[in-house]
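What follows draws every value from the coordinates through simple rules; no lab data is involved. All of these numbers come straight from a predicted model, not from anything done at the bench. Neighbour counts run over all protein chains shown; Cβ positions are idealised from the backbone, glycine included.
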Amino acid sequence: MMKQTSLLIIAIALINACSSKTGHNQKRTSNEPIYVQMADSEMKRNPDPRLLDFRDKPKWEYTNGLILLSFYKVWEETGEDRFLNYGKAYMDSMITDDGKILTYKQTDYNIDRINPGKYLILLNQIEPKPEYEIAIQTLRDQMREHPRTTEGGFWHKKRYEHQMWLDGLYMGSPFLAQYARKYDEPKLFDDVTKQFELIDKYAYSKEKHLYSHGWDESKSQKWADPETGLSPEFWGRAMGWFAMAIVDALDYFPTDHPGRDQLISIAQKVAVGIKEYQDPKTGVWYQVLDKGKQEGNYLEASCSSMFVYFLAKALKNGYIDPSYQAVAERGYQGTLKEFIKYNEDGTISLTQVCGVAGLGGDPYRDGTYEYYINEIIRDNDPKGVGPFIMAAILMEE
């Protein structure tokens, strides 16, 4: 562990040195692309990447993976190593020399824990290490044994029995598609396709053109409709996770795989709902998507950033009609206007991010409208910052 800690300290020092060279002041950062400004701001707020997401202890977690993936994309755009080094520091401090992932427990079968593997596969292609490879295979092994619904859908977590959440599609499916391409496991694309098929089969509302946050196959949860097993509301970020999952998984699908056309078809359905519930005044989206005029609802930054990312990437790859370009532009400009704040120290912030939301658990989360609008709202929550950076890269191209 001493080696990992020392590496982290060195990496953080290098990051801070690079940051001080470029300068965190309003005049300097205003000349940088906004995704660079946001990434530099995030490193200033969180010099230790292990403590992202308002933590006081290191953790192997999906939010770290989300931020590191966005930083990887910034590094690809700029070639500036501080953005890559930030992620390397995290991986080198959380993966031991023998490939053990610290704080990770495979038998929890928590699909959230798979998400950092996306960045790890990319990093291992640039700087291969035996310990990285072992950690990647550990995550793949989890998904081989991960509990499933009767039709083969991955449970969100072992302790959330019989449940598929939209969030889980983002955490697991793009990683598996990426793994399938990198490690030549073509049958895995069938499994990835199945996950999207099941959500589309059970969670889609033909009336609303939206997807419910969660589906309980057993229909035993208090939040689950006794006939459909669905949670009662359409939460913005859940739809955002699902939307990003589709376009990210498609990056790796072979052009001749039948699942590719199925995913594109689902992407087109998602786009319809996103367009329908875009706020006409601001161009962004509400915490509870279809109840914008209801008391207590608010414009929310993470789902807005995720939707812009989805639209921009789907447009770039030809998955959706070019007319959606106007929806993406309104969404991006609205996000800049409604949620970006310039701070006196030269950093920028993303405001109005729902801190967390889920279903079930203890204390019990019932998935009602009142539940979603009363969860904590924070500035610079990584679940908003990461998607905003990735959306800005595509929109600023």
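Between Glu77 and Ser323, the distance separating the two model label sites (each 7 Å from Cα on the Cα→Cβ line) works out to 2.9 nm. Tell me the label-point distance for the pair Glu185, Asp251, using the 7 Å Cα-to-Cβ offset, in nm and rounded to one decimal. Placing both labels 7 Å beyond Cα along the Cβ direction yields 1.8 nm. The mean sequence distance of close C-alpha pairs (under 8 Å, at least 6 residues apart), as a share of the length of the chain, puts its relative contact order at 16 percent.
Once a ≥ b ≥ c are taken as the square roots of the eigenvalues of the Cα gyration tensor of the range 187-397, is the result rounded (a/c under 1.5), prolate (a/b larger than b/c) or oblate (a/b not larger than b/c)? Please report the intermediate quantities before stating the final value.
Numbers: a/c = 1.71, a/b = 1.07, b/c = 1.60.
Taking the square roots of the gyration eigenvalues as a ≥ b ≥ c, the range 187-397 is oblate.
Stokes-Einstein diffusion for the chain, with the hydrodynamic radius set to the Kirkwood value over Cα pairs and evaluated at 20 °C in a medium of 1.002 mPa s, equals 101 µm²/s. Note on Asn31 and Lys337: the model spin-label points, each 7 Å out from Cα along the C-beta direction, lie 2.9 nm apart. For GluC sites (Glu not before Pro), the sites in the range 181-252 that DSSP calls loop and that have at most 11 other Cβ atoms within 10 Å are Glu207, Glu227.
Taking the dipole about the Cα centre of the chain, with the C-beta of Lys and Arg at +1 and of Asp and Glu at -1, give me whichever of Met395, Leu230, Met244 is farthest to the positive side. Most positive-ward Cα: Met395. Per residue of the chain, the DSSP helices (runs of n ≥ 4 H) give a summed -39500 (n - 2.57) that works out to -17500 deg cm²/dmol at 222 nm. Just to verify a number: FRET efficiency for Ile126 and Asp97, C-beta to C-beta distance, R0 = 22 Å, to 0.05? Approximately 0.70, to the nearest 0.05. Loop-located trypsin sites (Lys or Arg not before Pro) in the range 196-295 (DSSP state not H, G, I, E or B) with no more than 15 neighbouring Cβ atoms inside 10 Å: Lys206, Lys208, Lys219, Lys222, Lys281, Lys293. Within the chain, which is the longest segment that contains none of the chymotrypsin sites (Phe, Trp or Tyr not before Pro) sitting in a DSSP loop with at most 15 other Cβ atoms within 10 Å? Result, exposed sites excluded: 55-182. So if each residue of separation counts as 0.36 nm, and I subtract the Cα-Cα distance between Glu227 and Lys57, what length gain in nm does that give? The Glu227-Lys57 span can extend by a further 57.0 nm. Restricting the trypsin sites (Lys or Arg not before Pro) of the range 303-397 to loop positions (DSSP other than H, G, I, E, B) with no more than 11 neighbouring Cβ atoms within 10 Å leaves nothing. Annotation: extensible slack from Thr368 through Glu207 equals 56.1 nm (criterion: 0.36 nm per residue apart, minus Cα-Cα distance).
Quick one: grab the alpha carbon gyration tensor of the range 147-218, order the square roots of its eigenvalues as a ≥ b ≥ c, and give me rounded if a/c is under 1.5, else prolate or oblate depending on whether a/b is larger than b/c. Please report the intermediate quantities before stating the final value.
Numbers: a/c = 2.17, a/b = 1.53, b/c = 1.42.
In terms of gyration-tensor shape, prolate.
Ranked from largest, the principal axis spans of the Cα set of the range 150-297 equal 51, 37, 22 Å.
For the pairs Lys118/Lys201; Lys158/Lys182; Lys206/Lys269; Lys157/Lys222; Lys73/Lys281, note any where the Cα-Cα span goes beyond 20 Å. Walk me through the numbers on the way to the answer.
Numbers: Lys118/Lys201 27 Å; Lys158/Lys182 27 Å; Lys206/Lys269 10 Å; Lys157/Lys222 17 Å; Lys73/Lys281 31 Å.
Lys118/Lys201; Lys158/Lys182; Lys73/Lys281, as the Cα separations exceed 20 Å there.
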